[in-house]
Amino acid sequence: MDYKKEEITEYFDDWLADTMQSQGHEWIKENLDDLHHHAFNTDYYIIGTERAINWMGSYCWDIMQFVKSYEIDNFGELMTDVTNPERLVNMYAYIIGEEVVNEYVMEQEAA
């Protein structure tokens, strides 16, 4: 699923630029394996129920199914309260963020 992947990629790019400015390029290189955690698991992507609902738009059901499938495949059970829009959006951003960060890391390792 690629819903708002470009937006999530921009979020990561902004986070990366801010982190490079505050921590330095060496910190990024030393923490490649933990970038996903730092970018998508130490703060919320969306805060507020109304913002989360608006962000999902008509894709709410698709996002719910996507998160459910991911969690069952990776954890053996559904762990996110998919009835909570804010938690649902943040888990979706976490999952898509994993793809975005993996693409970045592969680019860095190839360079």
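The values are calculated or read from the model by the stated rules, or taken from the named source; none is laboratory data. From a predicted model like this one, the values you see are computed outputs, not experimental measurements. So basically every Cβ, Gly included, is an ideal-geometry build from the backbone, and we count neighbours across all protein chains shown. When the accessible area is computed, the model is the full protein with side chains, heavy atoms only, and any ligands, DNA or RNA have been set aside. Shrake-Rupley method; radii C 1.70, N 1.55, O 1.52, S 1.80 Å.
Observations, loosely collected:
- Farthest positive-ward along the chain dipole, Cα basis, beta-carbon charges - from S58, V100, M79: S58
- Of K4, K68, K29, the order by accessible heavy-atom surface (1.4 Å probe, DNA, RNA and ligands excluded), from most exposed downward, is K29, K68, K4.
- Residue-span extension gain [A110 to L16] - 0.36 nm each, minus C-alpha spacing: 32.0 nm
- Candidate residues I96, I53: accessible-area rank, largest first, probe 1.4 Å: I53, I96
- Sorted largest first, the spans of the alpha carbon positions of the range 6-52 along the three principal axes are 39, 19, 16 Å.
- Carbon plus sulfur fraction of accessible area for the chain, probe 1.4 Å, in percent: 46
- Residues of type lysines that K68 reaches as a straight line, Cα spacing below 28 Å, ignoring anything fewer than 8 places off in the same chain: K4, K5
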